[in-house]
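Report on one structure; see the data block that follows.
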Amino acid sequence: MYCEVTLLRRSGRKLKRHELGAPLRGDLTFDEMPQPTKAFPRAMRVLNLYEPFGMNKRTAMTLMEPQFAGIEGQAICFKGVELVPREDGIYEHAQAWLVTPILVKA
């Protein structure tokens, strides 16, 4: 689904309306990571936002273990976990996405 995604949290902290950044546009997919790995010992559901990259697409953002959190007007809210890589490891933060579908004319 082609959409705009607005991040509602930063480092786990809920953002005020004036702190929200510009939404990212791309294709949203609901996927499952079926193969357990060392980092993820079980299958996990993920929301991936893919942005155009030349003739291909690349992952712009990923929300781990997404849960439906409600509908706000024309948008859907999902809550989950964001993985943030840093020099001393990978950190997990609470994250929420406000997803607004964009209708594409055929």
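The values are calculated or read from the model by the stated rules, or taken from the named source; none is laboratory data. The structure displayed is predicted, hence computed values, not measured ones. Heads up, the Cβs are rebuilt from the backbone with ideal geometry, glycines too, and the neighbour counts pull from every protein chain shown.
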Residue in segment 72-106 that is surrounded by the most Cβ atoms within 10 Å (Cβ to Cβ), counting only those that are over 13 Å from the mean Cα position of the chain (by Cα) and small (Gly, Ala, Ser): Ala75
Residue match in segment 28-43 (condition: surrounded by 14 or more Cβ atoms within 10 Å (Cβ to Cβ) and modelled with pLDDT of 95 or more): yes
Count of residues meeting criterion [over 16 Å from Leu8 (Cβ atoms), hydrophobic (A, V, I, L, M, F, W, C) and surrounded by fewer than 10 Cβ atoms within 10 Å (Cβ to Cβ)] in segment 48-71: 1
Test: residue in segment 91-101 that is of a type in the set (D, E, K, R), in contact with a Phe, Trp or Tyr (Cβ under 7 Å, 6 or more places away or on another chain) and assigned to a strand (DSSP E or B): no
Test: residue in segment 17-29 that is touching a strand residue (DSSP E or B) at 6+ places or on another chain (Cβ under 8 Å) and farther than 15 Å from Thr6 by Cα: yes
Members of segment 64-79 found to be at pLDDT 95 or above and on the phi < 0 side of the Ramachandran plot, listed by number: Pro66, Gln67, Phe68, Ala69, Ile71, Ala75, Ile76, Cys77, Phe78, Lys79
